[in-house]
Each structure stands twice: as C-alpha cells, then as structure tokens.
Amino acid sequence: MADNKQIVELLKKASKETPTHAFWDTQPVPKIADEVEQSGPIEFKTLDDVRKDPLGLPGLFEWVEIDVNSQTELQDLYTLLNENYVEDDDNMFRFDYSPSFLKWALQPPHYYKEWHIGVRVKETKKLVGFISAIPADVRVEDKVVKMVEINFLCVHKKLREKRLAPVLIKEITRRVNLKDIWQASYTAGVVLPRPVAVCRYWHRSLNPKKLIEVGFSSLPPKMTMSLMIKYYRVAEQLKNATMRKLEKKDCESATALLNQYLSKYRVAPTFTTEEFWHWFEPRENVMTCYVKVDSDNKVTDIFSYYNLPSSIIGNQKHKTLKAAFSFYNVATTTTIKELIDDALLVAKKEEFDVYNCLDIFENDKFFKDLKFAVGDGNLQYYLYNYSTPLKHSSEIGLVLL
Ligand SMILES: CCCCCCCCCCCCCC(=O)SCCNC(=O)CCNC(=O)[C@H](O)C(C)(C)COP(=O)(O)OP(=O)(O)OC[C@H]1O[C@@H](n2cnc3c(N)ncnc32)[C@H](O)[C@@H]1OP(=O)(O)O
Ligand SMILES: CNCCCN(C)c1ncc(F)c(N2CC(C(=O)NCc3cnc4ccccn34)C2)n1
C-alpha cells in the first residue's frame, strides 16, 4: 500500500466525497483528514452517563439476543449473513461465514451473550439486523487498552439506508459501556471517519482454473490455462518437514512466542494462554494452525489461517469460492517466506482455491516470491473513542475475522 502521505491524500479525497457524516460526526472518532499527534481516549464517560434502557427501534422491530448455543438461532444468524453480508464491489461474491465459524468467532473467553444483538420483525420473528462485540486486549503504541472488537454488522438488503446501522452501533456501544469498556476496534471495506490504517488484500491462486472460471482472476495475455496451472503449482514437500498441527501442550510456549513477536507492532492484541487456545485450536472447516517445536518442545514457528468461503453469485458451475485467510504467523527458525510456502502447501491440500493476506505484519516480504497478486479490496482499520496517528499497514499486527 502507498506510504502515509498518499494515504492522507486518499482520505482527504474520500472526505470530499462524503463531507458530512450525519452519524459519524456525532461520534468520538477523529475527522477523516485530522492529522493526529497524540494517542489516547477522545471522550471520558462514566457508568452514570450510560442509558440503562435499550435505544428505541421503529415500531415493527424488536431487540433480541442471538443465543449462538441455540442451533436454530445460530442458523437464523447464518442465513441473515449468508444472504445480506459483505459483497465485492461487482456483487459477484458474498461472504459465507459458516455456523461453526460464527460460534467460534462470537464465543471467545469472557464473551457476553448480551453483545450478540439481533433485530427481529415483531410479527414474523424474521431476523433483519445484527451486530456483535467480543472482548479483546489490544495494545495501541505502548498502552494495552481493554476494548471490544466489533464485527458482523448487517442490515437486511430490504431495510438498507433507513439509518438502522447507527441504531445498532449506538445500542452495542451502550451495552459495552455498561461493562465499563469505552474503546473498540473494527475493520471495514468502506472509508469512515477515521482510519487508523488503510490496508490492501493480496491473493495467492491455488486453483487458477476455477478462479478464472468464476471471474475472481483473469487469464493474462499470452498465458494459456495449462501455463497458469503450472505457474501456480505448490511445492510437493514442506520446507519445514517437522511442522505439525498445534496441540494443547504447545499453548504455553506458543502464546509466549506470539505475544513476544507482536510486541514490535504499533497496534496488536495480547493473548492469554486460554485465549490463544480458543483462537488457534485446530477446528475442521474453521481454523488451521501448524507449529514447529525445538528439542525442548518449545514452539519456535507458527502459521495459521481461517476458512472464510464466499457464495459465488449467479455462477452455474461453481457455487462456492473456498478462501483461506492468513491469521497470525511467526517465523524464528525459518524465514517468513518458507513458513508461508508451507501454509500454501497445506491450504492446497485442504482444497482451498485461494489464500488471502493483508499487507500487514511483514507480509510484503513474501508477496512477490510466493506469487501473490494485489487485490482491489482495501480494508480500513478503525478505533472507536481512541485517537492515534495514522499507521502504515506494516505497523498493524491485528487480524479481525
Ligand atoms: C465502546 C464500544 C463502541 C462499539 C461501536 C464501535 C463502532 C462500530 C462501528 C461498526 C463496525 C462494523 C464492522 C463491520 O461489521 S464491517 C462489515 C459491515 N457489513 C456489511 O458491509 C454487510 C452489508 N451491508 C450492510 O449490511 C449495510 O449496508 C450496513 C449495516 C453496513 C449499513 O447499513 P445501511 O447501508 O442500511 O446504512 P444506514 O442508512 O443504516 O446507515 C448509514 C450510516 O452507517 C454508516 N455505515 C455504513 N457502513 C458502515 C460500516 N461498515 N461500519 C460503520 N458504519 C457504517 C454510514 O457511513 C452512515 O453513517 P454517516 O456516514 O451518515 O455518518
Ligand atoms: C469486518 N470484517 C473484515 C474482514 C471481512 N473481510 C474478510 C473482508 N472485508 C472486506 C474486503 F474487501 C475483503 N476482501 C477480501 C478480498 C477478496 O477476497 N475480494 C474478493 C471477494 C471474494 N469474496 C468476497 C466477499 C466480499 C468482498 C470481496 N470478496 C477483499 N475481505
């Protein structure tokens, strides 16, 4: 991604496009083009300032808590997102987070069910809106901030542009404040006041034939399909022959290794061992995590990715794009390039069509050699009620699902 000066230009341009944000201009977030010097909370409120009753909703609708331990309620949430969540700009793909993925994403240690907020139509009980928060300790520069990560904001396609999103955001804010938490982190493909970092997606083809058939990639001029297939063939053997699936006994040393590695980034989470095991325990069709250990059985290298498929809208031959999204990786006895080369081999074996990475961490060190192609999707990182200077994408060490 471009350097900060270019990003500030991009943000100034974006702020000209939507000069007024009727909702966001009322929120404790810096203005889009603000050049912030200090890091710290923007507003200070106490529990006394927090409304004790839920926000008002238009008469037809009611607030509900989605109980992700209930199969039927989890299925309602799956269906809402499967039909109404994030699409690419050309409406060719829509994320298809699975029920087991959503349960995993929403139930880390110390989660609150009150933070899984749905909006249903009173009469039919149809789920038409959702937003979630999960607790996370995120360090910003030199301060660890107890905050929440906001995700899965969704309003049914038929109820768009009725200002329901600000109501969902204010309600989740109220419920989080009631637990004496005043900051949040979130990411979005849209530019809002105001990004902490502007990141870019990179993609590594694993199944070029299918990616071309579904319009994810195109065949470059003078390239034949058979040449493409050959070009993207992955290694036969692991570069790190002893890499194996993470096991519970690895957790102590793996957590220490990851926390140490993340300390060099300006925005990064800190994990307890319990949190680490929740996020990295291998889960079929959700999370893949491999480690390498030394002679004392201490973890020295980790690669991990999550399974986030997309529905392919309107393609007769293929219904689903199988995408692996890079999660957290640490290389100490190997290079990041060799480590990710091994991740690509395992992802190909697990029949993924593409492996996606953001240009965060030190990922830009391997994009070229491992044959990644830059995507057209930007992902903006945001903090709520916390100002901090704009970061270069390589200073970000946080992944949201
Ligand atoms: C301390 C605790 C704090 C907790 C909260 C921290 C903040 C969390 C913030 C949420 C983090 C979410 C992280 C994720 O999940 S990012 C994924 C978001 N979901 C999707 O993109 C799914 C498909 N789209 C939809 O479902 C709807 O279009 C959504 C629900 C996104 C907007 O619904 P709709 O299209 O019907 O619009 P409206 O008329 O109701 O409202 C228009 C207002 O909403 C602002 N808007 C539009 N998109 C987003 C967006 N992605 N984040 C924040 N704000 C957004 C927009 O600028 C405008 O405000 P303003 O420009 O007039 O001011
Ligand atoms: C709120 N949590 C943020 C993470 C959600 N994530 C993963 C996400 N947010 C915005 C994006 F721009 C994005 N991209 C991955 C890249 C990509 O794969 N683009 C082609 C594509 C295939 N399927 C879809 C579905 C929706 C959008 C683009 N799609 C672009 N990823």
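Points worth noting:
- Residue match in region 275-298 (condition: in contact (Cβ under 8 Å) with a residue 40 or more places away in the chain, crowded, with 23+ Cβ neighbours inside 10 Å and of a type in the set (Val, Ile, Thr)): yes
- Criterion violated by THR26 - all others in (1) loosely packed, with under 12 Cβ neighbours inside 10 Å; (2) at pLDDT below 95 satisfied: (2)
- When THR320, THR273, THR300 are checked against the criterion of being within 26 Å of TYR111 (Cβ to Cβ), β-branched (Val, Ile, Thr) and in the same structural domain as LYS371 (by TED's automatic domain parsing), a single residue qualifies: THR273.
- Residue list for region 299-333, restricted to those being surrounded by 18 or more Cβ atoms within 10 Å (Cβ to Cβ) and more than 17 Å from the chain's Cα centre (by Cα): VAL299, THR300, ASP301, ILE302, SER311, ILE312, LEU321, VAL330, ALA331
- Any chance THR46 is under 30 Å from SER100 (Cβ atoms), of a type in the set (Val, Ile, Thr) and either out of contact with any Leu (no Cβ under 7 Å at 6 or more places or on another chain) or within 16 Å of ligand 2 (Cβ to nearest atom) (or both): no
- Qualifying positions in region 87-107 - within 24 Å of GLU284 (Cβ to Cβ), in a loop (DSSP other than H, G, I, E, B) and within 16 Å of ligand 2 (Cβ to nearest atom): ASP96, TYR97, SER98
- Residues in region 49-76 that are in contact with a His (Cβ under 8 Å, 6 or more places away or on another chain) and either over 22 Å from ALA184 (Cβ atoms) or within 15 Å of ligand 2 (Cβ to nearest atom) (or both): ASP67 only.
- Flag if LEU206 is crowded, with 19+ Cβ neighbours inside 10 Å and outside the structural domain of VAL8 (by TED's automatic domain parsing): yes
- Filter result for ILE212 (within 16 Å of ligand 2 (Cβ to nearest atom), surrounded by fewer than 20 Cβ atoms within 10 Å (Cβ to Cβ), hydrophobic (A, V, I, L, M, F, W, C) and at pLDDT 95 or above): yes
- For LYS125: the one exception among (1) part of a loop (DSSP other than H, G, I, E, B); (2) more than 10 Å from ligand 1 (Cβ to nearest atom); (3) closer than 30 Å to GLU395 by Cα: (3)
- The numbered conditions (1) touching a helix residue (DSSP H, G or I) at 6+ places or on another chain (Cβ under 7 Å); (2) outside the structural domain of LYS16 (by TED's automatic domain parsing) are all true for LYS249 except (1).
- Filtered residues of region 171-213 (kept if in a strand (DSSP E or B) and within 12 Å of ligand 1 (Cβ to nearest atom)): ALA184, SER185, TYR186, THR187, ALA188
- If only residues of region 56-85 that are β-branched (Val, Ile, Thr) and within 13 Å of PHE130 (Cβ to Cβ) are counted, the one that is surrounded by the fewest Cβ atoms within 10 Å (Cβ to Cβ) is THR79.
- Residue list for region 364-396, filter: within 16 Å of ligand 2 (Cβ to nearest atom), touching a helix residue (DSSP H, G or I) at 6+ places or on another chain (Cβ under 9 Å) and outside any strand (DSSP E or B): PHE372, SER393
- Residue match in region 377-386 (condition: free of Cβ contacts under 8 Å to residues at least 60 places away in the same chain, out of contact with any His (no Cβ under 7 Å at 6 or more places or on another chain) and among the small types (Gly, Ala, Ser)): no
- Condition check for VAL36: within 16 Å of ligand 1 (Cβ to nearest atom), of a type in the set (Val, Ile, Thr), more than 26 Å from THR272 (Cβ to Cβ) and assigned to a loop (DSSP other than H, G, I, E, B): no
- Condition check for ILE150: β-branched (Val, Ile, Thr), over 25 Å from ASN356 (Cα atoms) and touching a residue at least 60 places away in the same chain (Cβ under 8 Å): no
The values are calculated or read from the model by the stated rules, or taken from the named source; none is laboratory data. What you see is a predicted model; the values in this text were computed from it and never measured. Every residue, glycine as well, gets a Cβ built from its backbone with ideal geometry; the counts of neighbours run over all protein chains shown.
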